[in-house]
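Rule-based calculations on the coordinates, nothing more; no lab input. Everything numeric here is computed off the predicted structure, so don't read it as measured data. All Cβ positions, even for glycine, are placed from backbone atoms using ideal geometry, and neighbour counts span all protein chains on display.
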């Protein structure tokens, strides 16, 4: 299996398990930063690399009336802040309507 690198995290091959986690959708900058901090602290405590994941636009909701996110500009700005503040790689999913 080929190794992939995300930030400082090595994925695949003979590398240890990693955690990809975060809220389903970014609700606010504060909630994203709080979640990232808690996840980072837990992963440091148990010595598992973390990749933070959250969506800026969650198009595949059960109800069309559900909150979809903050949009691409605001969402990517928040994900960058998470990456820079906690020095962890981030990822998001992309939806096409």
Among the stretch 56-85, those whose backbone N falls under 14 Å of a label point 7 Å along Cα→Cβ from residue 28 are 70
For the pair residue 81 and residue 10, the simple spin-label estimate (label points 7 Å beyond Cα toward Cβ) gives in nm 3.4
Over the chain, the sum of -39500 (n - 2.57) across DSSP H runs of at least four, divided by residue number and rounded to 500 deg cm²/dmol, gives at 222 nm -11500 deg cm²/dmol
Rounded to the nearest 10, the angle in degrees between the Cα long axis of helix 29-46 and the longest principal axis of the Cα atoms of the chain comes to 20
Rounded to the nearest 10, the angle in degrees between the Cα long axis of helix 72-86 and the longest principal axis of the Cα atoms of the chain comes to 30
Between residue 94 and residue 67, the FRET efficiency computed from the C-beta separation at R0 = 22 Å comes out, to the nearest 0.05, as 0.75
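Against the 2.2 N^0.38 Å scaling, with N counting residues, where does the chain land? I'd like the Cα-based Rg ratio to two decimal places.
Details: Rg = 14.2 Å, N = 97, 2.2 N^0.38 = 12.5 Å.
So the Cα radius of gyration is 1.13 times the expected 2.2 N^0.38 Å.
Just subtract the alpha-carbon distance of residue 2 and residue 47 from 0.36 nm times their residue separation and send over the number in nm, one decimal. Walk me through the numbers before you get to the answer.
Details: separation 45, 0.36 × 45 = 16.20 nm, distance 2.26 nm.
Length difference between fully extended and current span is 13.9 nm.
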